[in-house]
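Read the structure below first, then the notes.
The values are calculated or read from the model by the stated rules, or taken from the named source; none is laboratory data. Just so it is clear, the structure is predicted and the values come from calculations on it, not from any experiment. In this analysis, Cβ positions are derived from the backbone assuming ideal geometry, glycine residues included, and neighbour counts consider all displayed protein chains. These area figures cover heavy atoms from the full protein model, side chains too; ligands, DNA and RNA do not enter into them. Shrake-Rupley method; radii C 1.70, N 1.55, O 1.52, S 1.80 Å.
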Amino acid sequence: MKLPEFENHPLNEVAMAVQFAPLQHLHTPRLGALWQLFRSRFPSVEEHPPLEPQFEVFPSPPTSGVNVRLETHPPRPRVWFLTTDGAQLVQIQNDRFIRNWRRSEGMTAASYPRYSKLREEFEKDAGLFADFLARDGGGEPKINQCELTYINQVAPCAVWKTHAEFSRVFPWVTNKQIATLPMESEDGQFLLRFILRDAANAPVGRLAVVVQPAFARDTGEPRFIFRLTVRGAPSGVSIDSALKFFDAGHAMIVKAFDALTSAEMHAAWRKKNA
Amino acid sequence: MLDQMSATAPRMLLTECNYPSSEGVTAFSEASRSTTVTLRDNTGGSIDVHVTGEAPQWFVAMLEDIQKALVLRANWDGYGAIAVTKEAARSIIMLAANLMRPNTPRPSVVPTNRGGLQLEWHQGGVDLEIRSSMPGVYEAFYCDADGEWERTLFFNFTELTPKLAKLVH
């Protein structure tokens with residue numbers, strides 16, 4: 001079945017990430033050598049704090065009121081290689097490879113290269129990374145989790161003007177019960193999670209949907225940040241397995257985007273393949 | 001709640017509303033407890049374990065046992081054993097935090113000769129052993145009067161949870 005498309009979509013960022021068992025020999029000098037492979041396309045470099053490992057756990061941990069967070073020292077560096085316009089980047093640390101596309105200043109919805117192109121770029125750059133490690137004795141990235149994230153910024157239009165009108169954008173949050181309260185609603189934030197299963201019905205990942213109110217820093221205009229993330233274990237440790245996970249995740253994200261937003265917003269975003 | 005592995009820093013276009021997450025909301029009548037335990041290995045590295053809420057006693061005791069294992073030097077068994085890695089310690093702590101309940105009995109913490117760690121319970125006719133040497137990969141062995149069970153688990157503990165529950169009864 002063909003997935004719906006939105007000509008005037010609100011997509012602002014896409015991130016394709018794989019996590020693997022830590023590479024003990026991916027030290028800073030090796031990262032420098034690695035940059036030489038990417039430098040012609042990604043001439044800028046930034047350093048950022050490391051990301052801690054993340055795993056989707058089944059069943060959900062018991063809610064005992066205890067929360068445990070781990071931080072490893074010395075921190076493993078995370079480097080960003082960026083294109084000149086900052087719209088595309090590669091992030092690397094000793095247990096991550098991440099490829100991002102972001103909407104830059106002046107870009108329109110038509111600037112989004114589409115999933116098939118981003119998938120192609122991910123395959124190419126993750127392959128470069130894996131080949132470098134194999135040649136240089138840096139180890140083999142054995143992938144244990146994949147994550148695909150779509151971040152949308154929903155701007156006000158004829159359908160909605162203030163954050164209180166969230167149900168005009170997200171109709172599953174009905175205002176009927178809320179309207180019985182002797183107060184005026186102001187805004188809201190939401191988290192929905194869905195379990196993804198493989199052909200044998202075993203849980204392999206989750207789709208998390210987050211809606212948060214926000215304001216444009218320059219104009220003060222309201223926005224809804226609408227973030228959809230699929231994360232879980234691929235069927236194998238290879239890049240091919242990760243790509244299959246991304247394909248399935250992409251379909252889930254597009255279907256969820258479509259199902260969780262209103263027909264009025266679909267019209268504003270000029271939905272096709274309806 | 002959703003701790004992104006991939007999302008970049010937000011573009012400088014937006015100011016997100018500064019809401020506390022539901023986990024962060026503390027009623028006036030509640031007392032919020034937060035503890036950090038630092039585990040050190042013998043290479044100068046460390047793991048900070050930040051615990052929010054009332055951690056069960058077994059959790060603190062388990063961290064003490066992991067600390068003892070983390071400072072073992074290579075060849076600690078006299079047969080060429082690898083020193084226990086921070087990754088193994090992280091993996092076992094994550095397992096315990098995600099799987100065990102306040103009334104779960106305290107496990108024994110045993111280093112493995114491949115640089116991993118193993119949690120063990122032997123009580124009430126039940127033997128349960130779970131070992132990990134790399135994040136997210138667990139080898140589990142269970143035995144009771146009804147038979148044996150052995151699996152490699154990748155953060156899917158659906159089959160393991162009821163076996164762990166048997167230790168409580």
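Looking only at residues in the range A:188-207 that are assigned to a loop (DSSP other than H, G, I, E, B) and not charged (D, E, K, R), which one is nearest to A:Thr229 (Cα to Cα)? Steps first, answer last, please.
Of all residues in the range A:188-207, those assigned to a loop (DSSP other than H, G, I, E, B) come to A:188-189, A:198-202.
Imposing the further condition that a residue be not charged (D, E, K, R) reduces the set to A:188-189, A:199-202.
Details: A:Gly188: 19, A:Gln189: 16, A:Ala199: 21, A:Ala200: 23, A:Asn201: 20, A:Ala202: 19 Å.
Per the stated criteria, the residue is A:Gln189.
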If only one of B:Ala96, B:Ala89, B:Ala81 is open to solvent by less than 50 Å² (accessible area, probe 1.4 Å), facing chain A (nearest Cβ under 10 Å), of a type outside the set (S, T, N, Q) and in contact with a Pro (Cβ under 9 Å, 6 or more places away or on another chain), which one is it? B:Ala96
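Say we look at the range B:29-57 and pick out the residues that are of a type outside the set (Gly, Ala, Ser) and open to solvent by less than 20 Å² (accessible area, probe 1.4 Å); which of these is nearest to B:Ile93 (Cα to Cα)?
Pass one, the range B:29-57, residues of a type outside the set (Gly, Ala, Ser): B:30, B:33, B:35-43, B:47-52, B:54, B:56-57.
If we keep only those that are open to solvent by less than 20 Å² (accessible area, probe 1.4 Å) too, we end up with B:39, B:47, B:49, B:51.
Values: B:Leu39: 11, B:Ile47: 11, B:Val49: 9, B:Val51: 11 Å.
So the residue we want is B:Val49.
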Subset of the range A:208-240 [hydroxyl-bearing (Ser, Thr, Tyr) and in a strand (DSSP E or B)]: A:Thr229
Being among the polar types (S, T, N, Q) and surrounded by 14 or more Cβ atoms within 10 Å (Cβ to Cβ) is the requirement here; does A:Gln24 meet it? no
Considering only residues that are touching a residue at least 12 places away in the same chain (Cβ under 8 Å) and in a helix (DSSP H, G or I), which ones fall in the range A:131-152? A:Phe132, A:Leu133, A:Asp136
Unique residue being touching a strand residue (DSSP E or B) at 6+ places or on another chain (Cβ under 7 Å), over 30 Å from A:Val159 (Cβ atoms) and away from chain B (no Cβ under 12 Å) when the list is A:Ala242, A:Ala233: A:Ala242
Would you please name the residue that is modelled with the lowest pLDDT, looking only at residues in the range A:167-200 that are within 14 Å of another protein chain (Cβ to nearest Cβ) and open to solvent by 100 Å² or more (accessible area, probe 1.4 Å)? A:Glu186
Step by step: first the residues of the range B:119-153, then only those that are buried (at least 21 other Cβ atoms within 10 Å of the Cβ) and of a type in the set (Gly, Ala, Ser), then the one that is farthest from A:Gln145 (Cα to Cα). Which residue is that? B:Ala140
